[in-house]
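The values are calculated or read from the model by the stated rules, or taken from the named source; none is laboratory data. What you see is a predicted model, and the numbers here were worked out from it, not measured in a lab. Because the Cβ atoms are built from the backbone with ideal geometry, glycine has one as well, and the counts that use them run over all protein chains shown. Remember, those area values only see protein heavy atoms, side chains included, never the ligands or the DNA or RNA. Shrake-Rupley method; radii C 1.70, N 1.55, O 1.52, S 1.80 Å.
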Amino acid sequence: MADAHRTTPIKRVFRGTLIHATPEEAVQVREDALLGVGPDGKITFIGEGKELNRLSLEFSFSPTAVTQLEKHEFFMPGMVDTHIHAPQYSYAGTALDLPLLDWLNKYTFPVESRFKDLSFAQDVYTRVVRRTLRNGTTTACYFATIHTDSSLLLGHIADNLGQRALVGKVCMDMNNSVKHYKETIQESLEETRRFITKLLEKKYALVKPVVTPRFVLSCSGALLGQLGQLAKNNNLHIQSHISENAEEVKIVKELFPDSASYTDVYHKHNLLTNKTVMAHGCHLSDEELALFRDTGASLSHCPNSNLSLCSGFLNVRKVLNHKVKLGLGTDVAGGYSASMLDAVRRALDTSKILTIQDPEHETLTFEEAFRLATLGGSQALSLDDQIGNFEVGKDFDALRVNVAVPGGPIDLIQHEQPKILLEKFLNLGDDRNIVEVYVAGREVIPSKE
């Protein structure tokens with residue numbers, strides 16, 4: 001086996017602390033580790049520092065070429081944002097005074113209708129990809145708008161800047177009060193097919209299309225069914241929203257009285273698969289969570305948005321106990337922050353609120369929130385065979401974190417162990433602490449190109 005490796009070229013070798021999650025262990029720390037990255041961006045080996053000489057011979061690299069991390073630094077996997085609306089970044093941090101359905105009509109739909117303008121789209125989409133990368137989001141699952149050409153532009157920008165992304169052209173044919181911002185069923189299907197075809201033709205290594213019915217209130221049953229078939233025929237990811245607030249759930253029941261639940265509507269239209277991610281799920285029943293588990297569909301927990309729009313609380317412990325795949329999402333701009341660190345913090349806040357309401361509730365730990373932001377997100381997007389933690393053969397999607405960066409937000413008073421450094425970063429850190437970002441082995445922050 002060692003002989004086979006001798007011909008494998010090594011692009012980079014790092015030495016220092018690695019922190020990641022496994023299915024069995026929410027936080028696993030490896031101190032003085034060696035990690036090699038091949039020219040294909042994949043992790044070629046992981047070993048211990050004391051094995052340097054042996055590994056350098058086995059993998060044909062010079063021990064002097066190893067990049068040494070500082071004592072207050074560590075590598076962690078890149079964070080996975082399982083739900084973010086790229087066009088809404090244009091008004092992030094504002095318009096948080098209304099519940100969901102009013103918010104959509106007053107703020108969201110008018111802004112999204114502007115993305116027919118490609119120059120406007122170019123500006124906003126470049127900013128959101130740069131901002132999320134800078135904040136450690138190596139993989140993002142994006143909603144765009146109904147406009148095919150600007151949605152394709154988002155895919156191009158993500159590819160150019162080096163972010164791994166699922167990009168969805170939004171589909172919606174009903175219940176929209178904003179003139180010029182809805183489609184007929186025929187338009188929606190034709191443009192979705194064009195979007196998928198054109199994006200796949202680009203052969204981007206890290207950017208793929210995702211079938212995107214906005215949510216049940218915006219889509220007729222006929223459109224939902226056609227989109228489910230389209231996703232099945234092309235083996236594509238699917239994304240949408242579910243059970244975000246109580247009023248929405250009530251209207252869905254009125255629109256689809258023959259369905260047993262909100263989840264059942266999607267299930268009947270072939271939109272619940274092992275490549276489906278649904279945002280929110282604040283008001284799902286045990287029966288609905290069982291259907292998620294049985295179909296392999298996943299949930300995106302968007303705690304900032306759930307709080308900011310007064311939608312509800314997702315009981316993450318309940319979801320995990322049902323063995324449903326779960327990741328975190330920023331849900332910009334219902335969530336006002338594009339940083340996944342904020343999603344981690346709000347997820348912990350929400351869990352503590354549930355514990356205040358019910359002392360029997362088992363509060364999430366910071367370790368579990370870390371796993372949700374990394375490995376959990378990769379599982380939710382069915383990408384955990386490629387990303388999510390540090391394993392040989394997976395892509396090197398990673399953040400180099402310096403907890404003691406000069407001028408940063410964290411003061412270290414005494415020598416702390418790596419797990420404490422991680423906890424401080426999750427609770428206090430920001431983009432200043434993220435000194436390097438790698439996606440598939442390519443250093444994208446700071447960009448070397």
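Here are some notes:
- Check on G335, open to solvent by less than 10 Å² (accessible area, probe 1.4 Å), within 19 Å of F215 (Cα to Cα), touching an Asp or Glu at 6+ places or on another chain (Cβ under 8 Å) and not in a helix (DSSP H, G or I): yes
- T374 touching a strand residue (DSSP E or B) at 6+ places or on another chain (Cβ under 6 Å), within 25 Å of F143 (Cβ to Cβ), touching a residue at least 12 places away in the same chain (Cβ under 8 Å) and not hydrophobic (A, V, I, L, M, F, W, C): yes
- For F120, the stated conditions hold: it is surrounded by fewer than 17 Cβ atoms within 10 Å (Cβ to Cβ), of a type in the set (F, W, Y) and either on the phi > 0 side of the Ramachandran plot or assigned to a helix (DSSP H, G or I) (or both).
Residue-by-condition table, conditions (1) in a strand (DSSP E or B); (2) in contact with a Lys or Arg (Cβ under 7 Å, 6 or more places away or on another chain); (3) of a type in the set (G, A, S):
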position: P39; (1), (2), (3): no, yes, no
position: M76; (1), (2), (3): yes, no, no
position: Y89; (1), (2), (3): no, yes, no
position: T94; (1), (2), (3): no, no, no
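- Residues of the range 125-140 classified as assigned to a helix (DSSP H, G or I) and either open to solvent by less than 10 Å² (accessible area, probe 1.4 Å) or free of Cβ contacts under 8 Å to residues at least 12 places away in the same chain (or both), total: 5
- Failed criterion for N433 (all others in (1) closer than 30 Å to A205 by Cα; (2) surrounded by fewer than 18 Cβ atoms within 10 Å (Cβ to Cβ); (3) not aliphatic (A, V, I, L, M) hold): (2)
- Residue list for the range 8-33, filter: under 16 Å from K394 (Cβ atoms) and either assigned to a helix (DSSP H, G or I) or at pLDDT 95 or above (or both): R12, F14, L18, I19, H20, A21, T22, P23, Q28, R30, A33
- One residue from T330, T350, T273 being within 24 Å of D102 (Cα to Cα) and part of a loop (DSSP other than H, G, I, E, B): T330
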